[in-house]
Amino acid sequence: MEHEVFTWASLFPFLKKLPPHVSNALIISAILIVIAILGYRQLKKREDDIVPEGKLTFGTFVEMIVESLSNIIVDTMGPRGREFVLLIGTLALFILFNNLSGLVPGFLPATDNVNTTFACSLTVFVMTHYYGFKEHGVKYLKQFMGPFWWLAPLMVPIELIGHIARPLSLGLRLFGNITGDHLVTAIFFGLVPLLVPLPVMFLGLFVAFVQTFVFMLLSMAYFSGAISHEH
Amino acid sequence: MLEKDGNLMDMTLQESKKDVVKSLLSYSSLGLEMGLSVAIGIAIGYFLDIFFKTSPYLTIIFMIFGVAAAMKTIIVLLKKVQKDNERDKHQ
């Protein structure tokens, strides 16, 4: 494997020297930003319209994506979920587009590198505790102490281990699934390039959506655990 | 619900299907989290052992903490399921 593997990033001179997961994440982010700006402009243009457009245009498509995302979040977290739509929606779109980019030849998905997935999961980890402190103040630390104060020396390490396991499992799962899927597709492509990788690529499509949904679901569960007023 | 409420039944069926998928996905994370809890416990104990030169006591103690953390994950999930069931009954 001495020859250079073609990637779209190698077409840009300033992205050439970066490692592939960084350059691909940058390209995907740029695509997402362009979609967001175009969608925002279209929505702004018909902000005052009362009757919605009948046919599917770019603007309505973006509106549909945002609405379904916020519906999922509010359904799972209750009315307070609106505060988290921005953070979880951003992560979900970034991960989804990165996962799907693995199916396009010439893209190495950024999520098949541990650094990217742990960046995402550590963001969730830090933000859960930020929201926890914002909601409860210093009393948030009481959540770590368990039901009775004399159980604290026992409960604190247990809780700490449990909390460290969360971002690790989030990042590891996403990384493992996307790497495995990408590798299997590549191996099948190397064996028989015609038609045989098709079912595997279909499976890859499924995995991309499911893993995004799992990431969303778990981060929502962690957020609602941090802001809940029980125990 | 009788046949005349077919539409309503369809809707509740769809809702419950959605819930099943959701809970399946969130329970599927349980295994990985349990395993990682034990691994993290052992890792913390191991490095503390090296630091304090008390091998192997802290490794064993923190392994037990890790197992307890794994069990706590299940207990928390069970409580959540119970609460969801009760809420569904009231509706």
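Can you tell me which residue within segment A:17-51, out of those that are touching a helix residue (DSSP H, G or I) at 6+ places or on another chain (Cβ under 6 Å) and polar (S, T, N, Q), is surrounded by the fewest Cβ atoms within 10 Å (Cβ to Cβ)?
Checked segment A:17-51; the qualifying residue surrounded by the fewest Cβ atoms within 10 Å (Cβ to Cβ) is A:Gln42.
Can you tell me which residue among B:Thr12, B:Thr54 is hydroxyl-bearing (Ser, Thr, Tyr) and modelled with pLDDT under 80?
B:Thr12
Scan segment A:174-200 for residues that are in a helix (DSSP H, G or I) and either loosely packed, with under 13 Cβ neighbours inside 10 Å or out of contact with any helix residue (DSSP H, G or I) (no Cβ under 6 Å at 6 or more places or on another chain) (or both) and jot them down.
A:Gly176, A:Gly180, A:Leu183, A:Ala186, A:Ile187, A:Gly190, A:Leu191, A:Leu198, A:Pro199
Please give the number of the condition A:Thr60 fails out of (1) under 21 Å from the mean Cα position of the chain (by Cα); (2) of a type in the set (Val, Ile, Thr); (3) in a helix (DSSP H, G or I).
Every condition holds for A:Thr60 apart from (1).
Any residue at all in segment A:211-229 that's among the hydroxyl-bearing types (Ser, Thr, Tyr) and closer than 17 Å to B:Glu33 by Cα?
Yes - at least one qualifying residue is present in segment A:211-229.
Let's see how each residue does on (1) in contact with an Asp or Glu (Cβ under 9 Å, 6 or more places away or on another chain); (2) aliphatic (A, V, I, L, M); (3) closer than 30 Å to A:Leu69 by Cα:
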site	(1), (2), (3)
A:Leu91	no, yes, yes
A:Leu100	no, yes, yes
A:Val104	no, yes, yes
A:Thr128	no, no, yes
A:Gly146	yes, no, no
A:Trp149	no, no, no
A:Arg166	yes, no, yes
A:Thr179	yes, no, yes
A:Phe188	no, no, no
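Would segment B:53-68 turn up any residue that is among the charged types (D, E, K, R) and more than 14 Å from A:Ile161 (Cα to Cα)?
yes
Pairs needed: first member in segment A:150-168, within 10 Å of chain B (Cβ to nearest Cβ); second member anywhere, assigned to a helix (DSSP H, G or I) and among the charged types (D, E, K, R); C-beta distance under 9 Å; at least 6 residues apart or different chains.
A:Met155/B:Lys72; A:Ile158/B:Lys72; A:Glu159/B:Lys72; A:Gly162/B:Glu33; A:Gly162/B:Lys72; A:Ala165/B:Glu33; A:Arg166/B:Glu33; A:Leu168/B:Glu33
Applying the selection to segment B:57-80, what residues are in contact with a Phe, Trp or Tyr (Cβ under 9 Å, 6 or more places away or on another chain) and either within 12 Å of another protein chain (Cβ to nearest Cβ) or surrounded by fewer than 13 Cβ atoms within 10 Å (Cβ to Cβ) (or both)?
B:Leu58, B:Phe62, B:Leu77
The values are calculated or read from the model by the stated rules, or taken from the named source; none is laboratory data. Bear in mind the structure is a predicted one, so any value in this text is a computation, not a measurement. Reconstructed Cβ throughout: ideal geometry from the backbone, glycine too, with neighbour counts over all protein chains shown.
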